[in-house]
Amino acid sequence: MKYAVTAATGRFGQLVVNHLLTRVSFRDIVIIARNLDKAHQLYPAYLDIRQSDYGDPASLQAALTGVDRVLLISSHPNEAVPRITQHKNVVQAAVQNHVHWLGYTSFFHADRCQNPLAADHLATEQFINQTNLPHSFLRNNWYLNNEFPALQAALQQKDPIVTTAGKQSIGWAAESYYAQAAANLLSNPEDELKSSYELTGVFHTYTELIKAVRTVTGQDVQLQQLTPAEY
């Protein structure tokens, strides 16, 4: 059984691979990366490292040769090649290689979320559903790690945390937990998996988050709530 992780040199991809190494043999892991030099710096030479680019269908076709299960880690928006096109290229390569199962890192409640960030994820889900490829959507809520730069600025430079979330609660969780879930699903038999998973931490407001930061650091971190128009 061959398990492939795309975008494996990214922060999330590295976390997934590290968790996967605790579950399956290193001989069965396929590292797929756009930058081979970076991949060889990050991973030991005994791993199967293959070059591929989401924007290059031919490279994807070659990279997924002989792969049984693949985790498609979503790309970043606003690239030269549209995000949905990148994702479609990977899915099509998986179909052509008769991959047994595909996991896709999607957006929390992508099928009913009003957040503009969910649009590409929903379009990717719909495209995957049109194939006969067994799959699971890993609908991740917000990574707590995404808040770190603003929190560090608040602690070091005394800048306030600015948000338009108001009283809305968010299911933050550490990125490593989402990566662990992805590795678990990637390495479990597909007949035991659901078609989608809503993955989230406990829901809290920004007010509660900042209160926790104040408690942990002893610093008077400020929160500035704005309306979308004010922002």
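Specify the residue with the greatest mean-square fluctuation among 33, 93, 154, computed from a Gaussian network of the chain linking alpha-carbon atoms under 10 Å apart. Evaluated over the chain, the most mobile residue of the options is 154. Out of 147, 198, 175, any idea which swings most in a Gaussian network model of the chain, alpha carbons joined below 10 Å? Per the Cα network of the chain with a 10 Å cutoff, 147 tops the list. Using the 1.4 Å probe convention, the accessible area of the stretch 85-215 works out to 51 Å² per residue with neighbouring protein chains retained.
Each other residue within a Cβ distance under 15 Å of residue 153 adds +1 if Lys or Arg and -1 if Asp or Glu, for a net charge of -2.
Taking Cβ atoms as reference points and 14 Å as the exclusive limit, the residues near residue 75 contribute a net charge of 0, counting Lys and Arg as +1 and Asp and Glu as -1.
Need the full-extension length gain, residue 167 to residue 131, defined as separation in residues times 0.36 nm minus the C-alpha distance. One decimal, nm.
9.0 nm
The spacing between the stretch 202-231 and the stretch 106-126, judged by their C-alpha centroids, is 26 Å. Using C-alpha pairs below 8 Å separated by at least 6 residues, the relative contact order for the stretch 98-196 is 33 percent. Rounded to 0.05, the FRET efficiency of the residue 36 and residue 123 pair, given R0 = 25 Å and the Cβ-Cβ distance, is 0.25.
Look at where the Cα atoms of the stretch 8-40 and of the stretch 49-104 average out, and the two centres are 15 Å apart. In the assembled protein chains, residue 220 presents an accessible area of approximately 120 Å² (probe radius 1.4 Å).
When you restrict to C-alpha pairs under 8 Å that are six or more residues apart and normalise by the size of the chain, the relative contact order lands at 19 percent. Charged neighbours of residue 174, selected by a Cβ distance under 13 Å, balance to -1 (K, R count +1; D, E count -1).
Once the mean 1/r over all distinct Cα pairs of the stretch 171-231 is inverted, what Kirkwood radius in angstroms do you read off? Can you show the working numbers first?
Details: mean 1/r = 0.0673 Å⁻¹.
One decimal place: 14.9 Å for the Kirkwood radius.
Per the Kirkwood treatment, what hydrodynamic radius in Å, one decimal, follows for the stretch 63-155 from the mean inverse distance over all distinct Cα pairs?
14.4
The P(r) of the stretch 108-231 has a tail past 16 Å containing 70 percent of all C-alpha pairs.
The values are calculated or read from the model by the stated rules, or taken from the named source; none is laboratory data. Model, not experiment: these values are computed from the prediction. Positions of Cβ are backbone-derived with ideal geometry, glycine not excepted, and every protein chain shown enters the neighbour counts. Accessible surface areas use protein heavy atoms only, side chains included; no ligands, DNA or RNA. Shrake-Rupley method; radii C 1.70, N 1.55, O 1.52, S 1.80 Å.
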